[in-house]
Amino acid sequence: MLSTSTRLRLENILSRIANGEEVSLQERVYVHKFADRDQTVSSWLKKARRLQQKSSNSDCIDKLLNDLALGSSDPRSSYQPEEDDLGEWFGGAPSWLGRS
């Protein structure tokens, strides 16, 4: 059973892990000490890591697309196979993307 202050400290650290914020080595060791002994804390840690990985992956993909200047600047624009012609949809693509 965790005390209220321990639970709040763990939740604070796990929240920062999930958000990709800085967490010290001491804090990580502290969390792992409880995660090794308590299944609930272990599941909290797994969830925080999944959230961190999910947010970091989407940031990387968005950054890559922005750096390559691919995709539309209009977020509502997306290819709809039932309605759109693929050739027309790629009509605004850069010249290097075309056939050689």
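The values are calculated or read from the model by the stated rules, or taken from the named source; none is laboratory data. Given the structure is predicted, the values throughout are model-derived calculations rather than measurements. Glycine also receives a Cβ, built like all others from the backbone with ideal geometry; neighbour counts cover every protein chain displayed.
Brief remarks follow.
- Of all residues making up the stretch 1-33, the number that are part of a helix (DSSP H, G or I), within 18 Å of GLN52 (Cβ to Cβ) and of a type outside the set (D, E, K, R): 12
- Looking only at the stretch 17-27, and only at residues there that are of a type in the set (D, E, K, R) and at pLDDT below 95, the one that is surrounded by the fewest Cβ atoms within 10 Å (Cβ to Cβ): GLU22
- Any hit, the stretch 49-66, residues being over 15 Å from the mean Cα position of the chain (by Cα), modelled with pLDDT of 70 or more and not charged (D, E, K, R): no
- Pairs, first basic (Lys, Arg) in the stretch 4-26, second not in a helix (DSSP H, G or I), C-beta under 7 Å, six or more apart: ARG16/VAL23
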